[in-house]
Amino acid sequence: MNHILPIFKKEFLGYFRSPVGYVILAVFHLMVIGLALYTGYYRNNQATLDSIFSTLPWILIVFIPATGMRLWSEEKRSGSIELLFTLPISPRTAVLAKYLAALCFICIGLALTFSLAITTGYLGNPDWGVIFSGYIGGILTASAFLAITSVCSAMTKNQVIAFVISVMICLFATLAGSDWLARFLGDAIPVGMHDFLRLMSFEQHFQSMAKGLIDISALSFYITLTIACLGINIIAIER
């Protein structure tokens with residue numbers, strides 16, 4: 001585990017050594033702020049960030065795979081993964097270091113959107129507890145999406161394939177317990193299956209945190225899923 005810091009620094013700084021990292025951050029920031037304004041940030045005349053939190057999971061479905069698709073697929077494509085593991089570095093250390101580097105990059109993206117929270121505080125008197133809870137939900141959702149993307153990246157040498165599969169999985173996991181899907185499926189599946197899908201839905205857990213409710217079930221869901229995916233990631237690169 002002593003090699004985490006060097007790998008972390010290499011991966012984290014790698015995001016800023018090419019224009020791609022800056023483009024991803026800029027597009028993410030513009031999408032979050034643009035959709036917040038479009039969905040009525042000013043029209044609601046309320047000092048809240050509901051307009052951000054209502055659309056954030058859907059933006060993360062694209063932003064996180066775009067950030068994490070290269071984590072392992074690029075190493076496999078270039079052949080540098082063999083070189084990496086000729087060094088005294090365990091797969092667990094490499095997976096954790098790369099994951100944390102990508103997560104820190106994502107947190108910078110989320111931090112950029114805090115400009116709207118500062119604007120809200122300047123214009124009104126928001127409930128900062130709800131805003132804090134919403135951002136915690138955003139970080140947990142992003143961390144779980146990133147763990148899923150890391151697994152997909154470890155399964156292929158092609159970044160585009162890793163991106164597409166990650167987006168599809170994250171989209172399904174978000175839609176799983178939505179009211180829209182429940183209405184669409186109707187009586188086609190039993191009530192118990194509806195309840196299970198709702199329990200596994202990212203949107204359901206995130207929206208409860210966006211309303212200021214940080215409950216144990218949501219935390220357990222995010223943490224368990226993230227650890228499980230990182231475990232699968234380790235197995236995938238050891239094969």
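Okay, here's what the table says:
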| item | result |
| --- | --- |
| Residue match in region 156-179 (condition: over 11 Å from the mean Cα position of the chain (by Cα), among the basic types (Lys, Arg) and loosely packed, with under 15 Cβ neighbours inside 10 Å) | no |
| Answer residue from region 102-144, given it is without any contact (Cβ under 8 Å) to a residue 40 or more places away in the chain and among the β-branched types (Val, Ile, Thr) and is most open to solvent (accessible area, probe 1.4 Å) among those | 118 |
| Breaking point among (1) closer than 25 Å to residue 227 by Cα; (2) open to solvent by 60 Å² or more (accessible area, probe 1.4 Å); (3) not aromatic (Phe, Trp, Tyr), for residue 71 | (2) |
| Filter pass, residue 67 being touching a Ser or Thr at 6+ places or on another chain (Cβ under 8 Å), at pLDDT 90 or above and either of a type outside the set (A, V, I, L, M) or not in a helix (DSSP H, G or I) (or both) | yes |
| Any pair with Cβ under 6 angstrom, 6 or more apart, that starts in region 26-42 at a residue that is under 19 Å from residue 108 (Cβ atoms) and basic (Lys, Arg) and ends at one that is assigned to a helix (DSSP H, G or I) and open to solvent by less than 60 Å² (accessible area, probe 1.4 Å) | none |
| Cβ pairs under 9 Å, 6+ apart, first in region 70-84 and at positive phi, second of a type in the set (Val, Ile, Thr) and surrounded by fewer than 19 Cβ atoms within 10 Å (Cβ to Cβ) | none |
| Filter result (open to solvent by less than 20 Å² (accessible area, probe 1.4 Å) and within 25 Å of residue 168 (Cβ to Cβ)) within region 12-54 | 15, 21, 25, 28, 32, 52, 53 |
| Pairs with Cβ under 7 Å, 6+ apart, first in region 145-156 and within 12 Å of residue 61 (Cβ to Cβ), second among the β-branched types (Val, Ile, Thr) and open to solvent by 10 Å² or more (accessible area, probe 1.4 Å) | 148/169 |
| Hits in region 80-137 - residues which are within 21 Å of residue 229 (Cα to Cα), outside any helix (DSSP H, G or I) and either touching a helix residue (DSSP H, G or I) at 6+ places or on another chain (Cβ under 6 Å) or modelled with pLDDT under 85 (or both) | 85, 89 |
| Members of region 1-10 found to be surrounded by 14 or more Cβ atoms within 10 Å (Cβ to Cβ), part of a helix (DSSP H, G or I) and modelled with pLDDT under 90, listed by number | 4, 7 |
| From the options 142, 154, 228, residue that is closer than 19 Å to residue 53 by Cα and out of contact with any strand residue (DSSP E or B) (no Cβ under 6 Å at 6 or more places or on another chain) | 142 |
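The values are calculated or read from the model by the stated rules, or taken from the named source; none is laboratory data. Quick caveat, the model's predicted, so the values are computed rather than measured. Positions of Cβ are backbone-derived with ideal geometry, glycine not excepted, and every protein chain shown enters the neighbour counts. SASA here: full protein model, heavy atoms, side chains in, ligands and nucleic acids out. Shrake-Rupley method; radii C 1.70, N 1.55, O 1.52, S 1.80 Å.
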